[in-house]
Amino acid sequence: MKSFYENVFEFARRGLAEIYEEHGGMLEKTDIPSAVQKAKAIIDSPVKEQVFGCSGDFTEEDYDKLEKELEKHFDVKMDLGSVIQGKEQQERDTEWYRKSLKGNPDRFYWNRLRKFLGEKKGFPLEVIRAVGEDTDSILNQLGNPKQEERFSIFGMVVGHVQSGKTTNYGSLITKAVDAGYKFIVVMAGNTNILRNQTQVRINEMFVGKNDRGEDVGVGLIAPSREKQPISLTTEKDDFKQKDAQKNSQGLNLDNTNTSFLLVIKKNTTTISSVIQWLKSHYKNSIAKHAMLLIDDESDWGSINTKTDEDPTTINKEIRDLLKLFEKSTYVAYTATPFANIFIDHRVEGDLFPNDFIYALDTPSNYCGAQEIFIDNPEQYLVDIQDHDEAFPLKHNKEHQVEALPKSLLEAIHVFCINIAIRHLSGYENKCNSMLVNVSRFTDMHKRIDARIADHIDGLKQDILAYAKLQNPERQSVLIATMQEVFSQIKKHNPKIRYSWQEVLEKLSCTISEGSALIVKAIHQKTKHPINYKEDKNIIAVGGLSLARGFTLEGLSVSYFVRNSTCYDTLMQMGRWFGYREGYKDLCKIYMPQETRENFAFIVECVDELMQKFIEMSQDGSTPSDFGLAVRQDPNNILQITARNKMKKVKSITLDLNLNGVSREQADFSHQPQEHEDNLKCLLDLIRSISSLRTERHGKDQAVLYKGVDRQRILEFVNCFKMSHKSVYGESMWQLIEPIQKYLEEKDQVWDVILYGGRGTPIEKLKEFNINIQAGKRKVIKQNNRLHLQKSGRRKLISKDPEEILLDKEKYGAIVEQAKTTKTGQRGIHHLSLRAELENPVLMLSISTMYILEGDLETNPFGNQEVLVPAYGVCFPYRGVKDQSQLVKKVALNTVAQALREEDIRGDEDE
């Protein structure tokens, strides 16, 4: 039963939701205060118990809190995801679902889920809207189940850990069934605990019934017997042929209009059993009906870690299952897609997402890795240094835990205090949980469970005996310790308005009760799994079973000591990511400093990869022509994923040192608007430094600007959008981050050269009195980018900056001296020349381009004359002992390797 405060909040939220919907997703400034006043009027009236379902007190502080929480709820923002389509996918009709919506199709399953998410789960309406549009876009990428032609589509949806992927694919399932998919398989992790949890969630979101046949979730919104999906698995049991025969009641895909659902463990025996069951019903492949296979946690278990000819069993069985249907779609869901992108894209029939990748965004109220480990670590993270004796990083299952470390006892006390604060705040019926993950051994979990339970029992006894006495902290060391912990919490969190007396009194009414706070060891053999209807305050102790995919409701305290070195494994263990509405400021994560640093590094690598997906989408690139790479740990301590998943990976080292480097753009966007925006950035820079202009130089009339403040250069670099390849080569784009860092730390002034040309004057450039580079530059279109033709000079800049900046005699002498050396002039004289430079140099040019050859025969810009701005950089050479050297190690997937080899061959040909 909800508390009085929660019922008042729900009453106000529903009223505002109606206004929000009526006004097209908008609220006026006065709407929320009006809703609070309306609630207040009812609270002060005789009908409050009738309206809210219960009675209670409401203080002025509660009204302030209500208004603030309503503001937060309706201020949640969520952008739509980004889609990357494969070459064949781009030729398919990927608007079929949206087209079908114009005919007002039956959307029964989605409509009732949308209502359930809003009315029962209390999702912000903006999030429901975004989930709806995201799943519309994803469903468009799936094959149309009503088309006659066969299809076999492989895609991937990437989200963040604990960000709502289950809600996304649950929504996708409802729409897929509405559209005509008849056979739905969800592969939910590798443990019974995770599979059972997923079955419960899918029952709530799609089936509408539990194992006892009772209406649950969406079934409470709009039960429909004629549209009741047939679930061949239950909340307690995985797929078994005998049970499936019983549950289907003689129905099959041909003689019923309803759909079949299976939520199965990613296990060879289970998948094989499903295949056998289908074959017993259909001798040949299934042609008429479409299948959707959702592979949750797809980077685990599904990847082929053996040979192409003899794949691992699970990988092979997933392929065999898909082949039983002539119309099938495979959608991999993961938050750590490293292993997925490392699949060899050249192997036909494997699970590489050739057809589409969809990168989900997160709502603004999501508390993710970036916020915890990068933006606000001091708010969430607590360093622990006393764990070695109790929880050494390397131990076996026989290790004995003689005593719990002081840091874990403190974490337990913080958790107890959090329970009291949440109860005082009107959330006494919400679940609260604490995570303890310090070992992978079940025997260790049991021993830690017992130690924590003993401490909790002692705490309960002392609170029961002394809490209501005067000065209870003098009667009990445990209470005194907890009081000190509370003092520190309140010192660093001014939002807590309760006194220690109020907290202790509330604790005496909550955790001091026999079963009000329990400790549970969570593992495969757990006989009594967590039941949130009965277990409201839980300390969960576990390892692998508390890692991938498992959700702990109301998680506010985590104690984490693990020695995992894989990016994906470590990130998946972070069950503390997610949504913490109303208690985010109470959340704490106890972990060693080294682990914290590992997480911070991995967060940056994950964010880089997610950004790549967005850039792929913007560039119109496909999964098969855009090389992906993942940054590697320079200290070789962490590894991206298990080594057997990286057999086709190639590692390279990128030397991003700027000392004595000169580099310029060689590839360009095919988007005209991007060039228009960049031209504005360039012209704005020139206008701002016009007073520093010196004489013209050379036949091309290059203009030199001396002593430009580095801040103006930084603004330009940040403004200019650089088209790029992937991170498999040392392109100009690769240097942007080092250049930005250089500008923030070194050399106060730069020199700028605006290269002119002998072409015709351009009206837009009239005020600058310069001509563009002569003629239209020849480029080739490859992989949705324009590259300078690989013959002759692959540069836009017509003259080296040293020739303009240095004295002619000195310049000539250095060049002549280089010619007499055995090594020749190619590298030596350039470094000698750059050693003479006073300042780093920004080189600017403006050209026009046209397509010479490639997969487009015409100019992508049409017949209009398009100006293409570009820039390059040249840095002084400060000697071999320069400390600015930056080296980055990256792991390339097979696509990136192929593109890199293509570039190397092109450079060699040139």
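The values are calculated or read from the model by the stated rules, or taken from the named source; none is laboratory data. As the structure is a prediction and not an experimental result, all values here were calculated from the model. Using ideal geometry, Cβ is built from the backbone for each residue, glycine included, and neighbour counts are taken over all protein chains shown.
Residues in region 643-700 that are basic (K, R), farther than 26 Å from D800 by Cβ and assigned to a strand (DSSP E or B): K650 alone. For region 174-201, the set of residues classified as among the aliphatic types (A, V, I, L, M) and free of Cβ contacts under 8 Å to residues at least 40 places away in the same chain consists of V200 only. Give me a count of the residues in region 570-604 that are surrounded by fewer than 20 Cβ atoms within 10 Å (Cβ to Cβ) and without any contact (Cβ under 8 Å) to a residue 60 or more places away in the chain. Of the residues in that region, 3 qualify. Restricting attention to region 317-337, the residues that are buried (at least 18 other Cβ atoms within 10 Å of the Cβ) and in a helix (DSSP H, G or I) total 4. Within region 518-568, the set of residues being surrounded by 20 or more Cβ atoms within 10 Å (Cβ to Cβ), hydroxyl-bearing (S, T, Y) and either under 26 Å from D383 (Cβ atoms) or in contact with a Gly (Cβ under 6 Å, 6 or more places away or on another chain) (or both) comprises S556, S558, Y559, Y567.
Screening S224, S231, S285 for residues that are small (G, A, S), closer than 18 Å to F183 by Cβ and in contact (Cβ under 8 Å) with a residue 40 or more places away in the chain leaves exactly one candidate, S285. When N365, N354, N340 are screened for being farther than 16 Å from M187 by Cβ, touching an Asp or Glu at 6+ places or on another chain (Cβ under 7 Å) and surrounded by 15 or more Cβ atoms within 10 Å (Cβ to Cβ), only N365 passes. Picking from residues in region 341-384 that are among the aromatic types (F, W, Y) and assigned to a helix (DSSP H, G or I), the one that is farthest from Q85 (Cα to Cα) is Y380. Note on region 200-237: residues that are closer than 20 Å to Q249 by Cα, in a helix (DSSP H, G or I) and out of contact with any Gly (no Cβ under 8 Å at 6 or more places or on another chain) amount to 3. Say whether the condition of being free of Cβ contacts under 8 Å to residues at least 40 places away in the same chain and either loosely packed, with under 14 Cβ neighbours inside 10 Å or outside the structural domain of L546 (by TED's automatic domain parsing) (or both) is met by at least one residue in region 259-266. No, that holds for no residue. One residue alone among N396, N376 is of a type in the set (S, T, N, Q) and either modelled with pLDDT of 95 or more or under 25 Å from the mean Cα position of the chain (by Cα) (or both), and that residue is N376.
Of the residues making up region 404-419, not a single one is outside any helix (DSSP H, G or I) and either in contact (Cβ under 8 Å) with a residue 60 or more places away in the chain or farther than 30 Å from F601 by Cα (or both).
In this structure, E553 does not satisfy being acidic (D, E), in a helix (DSSP H, G or I) and over 27 Å from A403 (Cβ atoms). Considering region 15-132, there are no qualifying helices (runs of 4 or more DSSP H) wholly inside with 2 or more residues that are closer than 30 Å to T622 by Cβ, of a type outside the set (D, E) and touching a Cys at 6+ places or on another chain (Cβ under 9 Å). Would you check if there is a residue in region 511-533 being assigned to a loop (DSSP other than H, G, I, E, B), within 18 Å of V557 (Cα to Cα), of a type in the set (F, W, Y) and in contact with a strand residue (DSSP E or B) (Cβ under 9 Å, 6 or more places away or on another chain)? Among the residues of region 511-533, at least one is assigned to a loop (DSSP other than H, G, I, E, B), within 18 Å of V557 (Cα to Cα), of a type in the set (F, W, Y) and in contact with a strand residue (DSSP E or B) (Cβ under 9 Å, 6 or more places away or on another chain), which makes the answer yes.
Note on region 370-379: residues that are in contact with an Asp or Glu (Cβ under 8 Å, 6 or more places away or on another chain) and not β-branched (V, I, T) amount to 2.
If only one of Q228, Q147, Q199 is in the same structural domain as L261 (by TED's automatic domain parsing) and crowded, with 21+ Cβ neighbours inside 10 Å, which one is it? Among Q228, Q147, Q199, only Q199 is in the same structural domain as L261 (by TED's automatic domain parsing) and crowded, with 21+ Cβ neighbours inside 10 Å.
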